[in-house]
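> Just dropping this structure here.
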Amino acid sequence: MTQFKYLLLHAQVGVGVGAFISLLSVTVHHATLSMTQFWLLMGMSVVMGLVTTIFDVERLSFISQLSGHFILELLTYTIFIWLTFHDWVITWHSIPTFVVIYVLVFFYFRQQGQNRARRINEKLATRRRADD
């Protein structure tokens, strides 16, 4: 896969996850987004999707990848909230929400990755048995 397609895929996943979480948040809070807020949200989602490529840096340990990812995602989110509301109090108070969402999304994608690895290993084991 070319580097451009790879980055585009991560950006699309970021937009998908960001749109889902934002729609959920807007629905729960009975809020509406302005067009500026919508475009800021899409931009934030793209950046957050691209930040996930840090997990592909093999020379970093998983803890380093996770720490770097968390910090970059939190920084992106904090900038987005500040650009949206221009209020540091709102920005500061939104951080616990970010942490909860981050943990939930992390565990979801971690579980999804483990399931994918299990299926691949099962297929490899089946092929080995068939070749024997």
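> Pop out the carbon and sulfur fraction of the accessible area of the chain as a percent, whole number, probe 1.4 Å.
Reported share for carbon and sulfur atoms: 69 percent.
> What distance in nm separates the simple spin-label points at Leu23 and Ala117, each placed 7 Å from Cα in the Cβ direction?
3.1 nm
> Could you do me a favour and compute the accessible area per residue for region 3-92, 1.4 Å probe, result in Å²? Working shown, then result.
Numbers: 6040 Å² over 90 residues.
Heavy-atom accessible area per residue stands at 67 Å².
> Which listed residue (His10, Ala125, Met48) has the Cα farthest towards the positive end of the charge dipole for region 1-127, taking +1 on Lys and Arg C-beta and -1 on Asp and Glu C-beta about the Cα centre?
Final value for the positive-end residue is Ala125.
> In addition: Report relative contact order for region 3-92 in percent, whole number only (criteria: Cα-Cα under 8 Å, sequence separation at least 6).
30 percent
> Exactly which trypsin sites (Lys or Arg not before Pro) in region 30-132 are in a DSSP loop and have at most 14 other Cβ atoms within 10 Å? Working shown, then result.
Values: sites: Arg59, Arg110, Arg116, Arg118, Arg119, Lys123, Arg127, Arg128, Arg129; in loops: Arg59.
Of the trypsin sites (Lys or Arg not before Pro), the ones in loops of region 30-132 whose Cβ has at most 14 other Cβ atoms within 10 Å are Arg59.
> Could you identify which residue out of Gly16, Gly113, Gly43 has the top mean-square fluctuation in a GNM of the chain using Cα springs shorter than 10 Å?
Gly113
> Let me ask something else. With each run of n ≥ 4 DSSP H residues scored as -39500 (n - 2.57), what mean residue ellipticity at 222 nm is computed for the chain after dividing by its residue count and rounding to the nearest 500 deg cm²/dmol?
Mean residue ellipticity at 222 nm (helix-derived): -30500 deg cm²/dmol.
> Report the Cα centroid-to-centroid distance between region 70-132 and region 1-64 in angstrom, as an integer.
Between the Cα centres of region 70-132 and region 1-64 lies a distance of 10 Å.
> Can you name the helices of the chain, as whole DSSP H runs, whose Cα span along the helix axis is 30 Å or more and whose Kyte-Doolittle mean is not below 0.5?
Within the chain the helices that satisfy the rule are 3-29, 62-85.
The values are calculated or read from the model by the stated rules, or taken from the named source; none is laboratory data. This is a predicted model, so every value here is computed, not measured. Please note: Cβ atoms are built from the backbone with ideal geometry, for glycine as well, and neighbour counts cover all protein chains shown. All accessible areas refer to the heavy atoms of the entire protein, side chains included, with ligands and DNA or RNA removed. Shrake-Rupley method; radii C 1.70, N 1.55, O 1.52, S 1.80 Å.
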